[in-house]
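Asker: Please read through the structure below; I'll follow up with questions.
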Amino acid sequence: MTNEQQVYQDSKPVLEVRGITRRFGGLVAVNQVSFIVQKNEIFGLIGPNGAGKTTLFNLITGLMQPSEGQLVYEASEITKLRPHQIAAKGIARTFQNLRLFGNLSALENVAIAHHIHNKTSFIQGVLGLPPAAQEEQKTYIQALELLELVGLAERAEEKACNFAYGDQRRLEIARALALKPKMLLLDEPAAGMNPNEKGALSELIRQIRNSFNLTVLLIEHHVPLVMGLCDRIAVLDFGQLIALGEPEKVKNDPAVIEAYLGDE
């Protein structure tokens, strides 16, 4: 164990990935990966295509079960929990392939996620009783506030399918925040964005972390964005963890350089 790993282990991490392995027949997509994520950290997960990054996200969020290893969140094991049980513990995510409701407005997309926190019953809602109406109004106010946060409030009534790809990415982040998570997993949030949009996204992620007291774990192919944004970075290659540490250390690691550039 390195000194850096010991420091973070001693500070009671939010998420512990302990020897996680995932096999698909004879293919080992994730191989004995271990790291920890500290509270309020922005933690980056990078690596070449096919490195196992999204598979690892799917394991953390319960969409897949690991073949070996443990996942511990806030000192409780979540290895065998279902996705809705993990979400209920405070872990929310976006996806590499967008999963918005295209025919609903931006406001409706975010409000739907808010509904899991509503306290009134279905019958109260159907009958339009005052408690349900008040809660519904509050839901849409909060949804609009999240759209304002990501810069989409003026387009609240537009259908999601009419948004450019980069705007859909920001809308998906707003919807994930509506779940009121303690840990937010972002799968390639800068995909489809131009350089100016990527810079704005970095600032947005920092703002989200600070405003909501969140821990952020993100996958991103745009390495300069990760290096400038993340507190620490883990690098996967062919399913194995090849580097872990602060951006400057990872950037200069020979194994990382070889994984991205090849052995010249």
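Asker: Just one of (1) on the phi < 0 side of the Ramachandran plot; (2) surrounded by fewer than 22 Cβ atoms within 10 Å (Cβ to Cβ) trips up residue 234, so point out which.
Answerer: With respect to (1) on the phi < 0 side of the Ramachandran plot; (2) surrounded by fewer than 22 Cβ atoms within 10 Å (Cβ to Cβ), residue 234 is out only on (2).
Asker: Here's a follow-up. Looking only at region 77-120, filter to residues that are modelled with pLDDT of 90 or more, part of a loop (DSSP other than H, G, I, E, B) and within 15 Å of the chain's Cα centre (by Cα); which one of those is farthest from residue 174 (Cα to Cα)?
Answerer: Of everything passing the filter in region 77-120, 89 is farthest from residue 174 (Cα to Cα).
Asker: Same structure, new question: Would you mind telling me which numbered condition in (1) assigned to a loop (DSSP other than H, G, I, E, B); (2) crowded, with 16+ Cβ neighbours inside 10 Å residue 28 fails?
Answerer: That leaves (1) as the condition not met.
Asker: Moving on. Any chance you could count how many residues in region 183-224 are of a type in the set (Lys, Arg) and surrounded by fewer than 17 Cβ atoms within 10 Å (Cβ to Cβ)?
Answerer: From region 183-224, those of a type in the set (Lys, Arg) are 198, 206, 209; that's our starting set.
Subset that is surrounded by fewer than 17 Cβ atoms within 10 Å (Cβ to Cβ): 206.
Of the residues in region 183-224, 1 are of a type in the set (Lys, Arg) and surrounded by fewer than 17 Cβ atoms within 10 Å (Cβ to Cβ).
Asker: Could you grab the pairs with beta carbons closer than 6 Å, sequence gap of 6+ or different chains, first residue in region 174-199 and at pLDDT below 90, second one assigned to a strand (DSSP E or B) and buried (at least 18 other Cβ atoms within 10 Å of the Cβ)?
Answerer: Close Cβ pairs satisfying both conditions: 179/92.
Asker: Which pairs have Cβ atoms under 7 Å, sit 6 or more apart or on different chains, and link a residue in region 63-85 that is in contact (Cβ under 8 Å) with a residue 60 or more places away in the chain to one that is aliphatic (A, V, I, L, M)?
Answerer: Pairs found: 73/14; 73/15; 73/91; 74/14.
The values are calculated or read from the model by the stated rules, or taken from the named source; none is laboratory data. These figures come from a predicted structure and were not determined experimentally. Counting neighbours? That spans all protein chains shown, and the Cβs are built from the backbone with ideal geometry, glycine included.
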